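Remarks on the structure that follows.
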Amino acid sequence: MAGRWRAATVAAHRPETPTARTLVLRVPDWPGHLAGQHVDVRLTAEDGYTAQRSYSLAAPAVGDLIEVTVQRVPDGEVSPYLVEVADVGDQIEIRGPLGGWFVWRPDDPAPVVLVAGGAGIVPLMSMVRTRRMARAKALFRLLYSLRSPAERYYSTELGSHQAGDGGLDVFLAYTREAPEGVTRPPQRLALSEINTHGLPPDSAPTCFVCGPTGFVESAANALVALGHDPRRIKTERFGPSGGRP
Amino acid sequence: MTTPSVSEPSHLDGNALAGPLSEVFRVDLTGATRRCAVCGITGAFAELRVYAECPGLVVRCPGCDTVVLRLVHEGGVLWLDLGGTGCLRLRVK
């Protein structure tokens with residue numbers, strides 16, 4: 001049952017950026033999960049003080065192994081530990097899988113538009129990986145807004161045409177600093193770009209938007225302005241752009 | 001933005017309620033459809049606005065800002081005020 005806290009053991013970790021890393025957690029009897037779902041993580045200090053935060057699952061489960069990607073938030077209570085301290089063998093508590101709305105199922109044939117702002121890429125990456133693993137055929141268009149090349153998650157995997165990623169198109173929108181060779185000047189993701197690199201409303205795609213609250217509001221408004229059915233736009237907000245402490 | 005402006009929205013949404021509400025309810029409520037008893041707006045529970053920068057959670061309607069629910073968890077006691085929930089429709093197995 002989702003409401004139960006259970007022990008999870010850090011099985012591996014790998015850096016994604018200088019301030020974010022992916023943790024592979026072993027959770028005995030993990031029931032499996034849907035792409036887009038999250039877990040709550042709880043840390044307990046020696047004096048009994050507890051702190052908990054939500055983190056999106058980044059990939060489909062492999063047996064009882066699950067993955068979360070965590071962005072370190074300055075002055076955070078949970079993320080600095082998960083990004084800088086936690087090591088293989090350490091135990092934390094998790095609850096989940098959680099959420100039944102911001103989810104994508106690989107048997108859904110509808111085309112999909114994914115719009116990510118910063119760390120909002122994590123649950124959308126879970127959808128991309130689930131699609132690949134299931135060899136699903138739904139057309140995917142991913143628009144990923146990020147500040148700079150240094151903040152790019154999953155850089156060796158995403159957009160490099162992995163086997164099984166046919167029908168997935170990735171558009172990167174750098175907002176502060178673009179890598180060499182990219183002609184698009186650094187700027188916010190524009191409505192015209194969502195139009196060009198998304199899918200036409202006529203094709204009735206399901207749209208998933210995830211990121212900081214302000215980003216999600218403006219991207220969702222842009223999708224509505226372009227004619228997408230608001231009932232097909234699913235959103236998940238992380239809070240202010242600095243992330244949740 | 002590294003220094004959030006005063007006007008930058010900071011609320012979360014109803015997706016964040018999945019964990020806290022799983023302590024009380026057997027089914028996931030975030031996928032439920034809610035009709036507001038005050039303004040009549042219909043939408044997913046996940047689309048509610050969640051304000052977490054307080055001792056508990058305060059959840060408001062995206063249509064009219066009515067307080068939909070409040071949840072406070074303290075020392076093994078959970079307070080849940082469902083006063084503004086309105087009408088819920090959910091799929092059950």
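Of note:
- When peptides A:55-61, A:83-89, A:103-109 are sorted by average Cβ neighbour count within 10 Å, with the highest value leading, the order is A:55-61, A:103-109, A:83-89.
- Contact order normalised by residue count of chain A, Cα under 8 Å, 6+ apart, percent: 19
- Within 10 Å of the Cβ of each residue in A:101-109, the mean number of Cβ atoms contributed by other protein chains is 3.
- Residue of A:Tyr153, A:Tyr81, A:Tyr144 that the Gaussian network model of chain A assigns the largest fluctuation, springs spanning Cα pairs under 10 Å: A:Tyr81
- Site pair A:Arg14 and B:Ile41 shows an inter-label distance of 4.1 nm when each label is modelled 7 Å from Cα along Cα→Cβ.
- Inter-probe distance in nm under a simple model that places probes 7 Å from Cα toward Cβ, at A:Lys137 and A:Ser203: 1.5
- Placing a label point 7 Å from the Cα of B:Arg89 along the Cα-to-Cβ line, the residues of the stretch B:12-39 whose backbone N sits under 12 Å from it are B:32-36.
- Look at B:Val72, A:Val27 and count the other Cβ atoms within 10 Å of each Cβ; fewest to most, that gives B:Val72, A:Val27.
- Radius 12 Å from Cβ of A:Ala61, net charge of other residues (Lys, Arg +1; Asp, Glu -1): -1
- When the stretch B:12-88 is reduced to its Cα atoms, the Kirkwood hydrodynamic radius in Å: 12.4
- Cα-projected label distance for A:Ser192 with A:Ser218, points at 7 Å along beta-carbon direction, nm: 1.6
- Span per principal axis, largest first, for the Cα atoms of the protein assembly as shown (Å): 56, 51, 43
- If R0 is 51 Å, the Cβ-Cβ spacing of A:Asp169 and A:Tyr49 corresponds to a FRET efficiency of close to 0.65.
- Using C-alpha pairs under 8 Å with a sequence gap of at least 6, the mean separation divided by the residue count of the stretch A:134-245 gives a relative contact order of 23 percent.
- Overall dimensions of the stretch A:6-98, expressed as equivalent-ellipsoid semi-axes from the Cα gyration tensor (√(5λ), whole Å, largest first), are 19, 15, 12.
- Taking one quarter of the surface of the C-alpha convex hull of the stretch A:112-237 gives a mean projected area of 7.2 nm².
- Cut-off under 5 Å, modelled amide H: who pairs with A:Arg21 long-range: A:Glu16, A:Val70, A:Arg72
FYI, it's all coordinate maths here, none of it is from the lab. Everything quoted here is computed from the prediction, not taken from an experiment. Quick reminder, even Gly has a Cβ in these numbers, built from the backbone with ideal geometry, and neighbours come from all protein chains shown.
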